Amino acid sequence: QVQLVQSGGGLVQAGGSLRLTCAASGATFNTLYAAWFRQISGKEREFLGFLNKKSGSTYYTDSVKGRFTIDRDNANNTVILQMNSLKPEDTAIYYCAADSNRFGLRSSVYDYWGQGTQVTVSI
């Protein structure tokens with residue numbers, strides 16, 4: 001059984017940076033498609049980006065392109081979401097997600113989820 005455990009997050013001022021880490025057990029990230037989502041209370045979970053396990057390529061939604069990057073650390077079996085130039089509207093709970101066979105923009109694609117991490121960006 002694959003389990004994802006997130007770390008990082010917290011409070012940062014606008015324009016600052018944060019790093020979220022997603023650690024996997026039960027599988028290695030080079031066998032998993034990985035993605036990041038976020039959710040604001042009362043709204044649907046929003047896709048941020050994914051990392052293709054085969055090519056290592058990444059794809060980002062327009063709202064975070066150029067500010068957020070997803071990387072894989074094979075040595076530590078983690079996937080990292082580096083967030084720069086943060087804005088107050090980035091405040092949300094952030095989730096990592098993974099799947100062995102599928103990837104895409106919809107949350108329903110992914111079987112495995114982290115516990116969620118609060119990110120708060122102050123003015």
Query raised in the report: So which residues in the stretch 1-23 are more than 21 Å from TYR60 (Cα to Cα) and out of contact with any Cys (no Cβ under 9 Å at 6 or more places or on another chain)?
Result: GLN1, VAL2, GLN3, GLY10, LEU11, VAL12, GLN13
Requested in this report: Look through the stretch 75-100, keep the residues that are touching a residue at least 24 places away in the same chain (Cβ under 8 Å) and out of contact with any Ser or Thr (no Cβ under 9 Å at 6 or more places or on another chain), and return whichever of them is nearest to ARG45 (Cα to Cα).
Outcome: ALA98
**Report entry** Residues satisfying the stated conditions in the stretch 12-26, i.e. in contact with a strand residue (DSSP E or B) (Cβ under 8 Å, 6 or more places away or on another chain), assigned to a loop (DSSP other than H, G, I, E, B) and open to solvent by 40 Å² or more (accessible area, probe 1.4 Å)
**Finding:** ALA14, SER17, GLY26
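The values are calculated or read from the model by the stated rules, or taken from the named source; none is laboratory data. Since we're looking at a predicted model, the values are computed, not measured. Here the Cβ is made from the backbone with ideal geometry for all residues, glycine too, and neighbour counts use every protein chain on show. Just the protein is used for accessible areas: all its heavy atoms, side chains included, with ligands, DNA and RNA removed. Shrake-Rupley method; radii C 1.70, N 1.55, O 1.52, S 1.80 Å.
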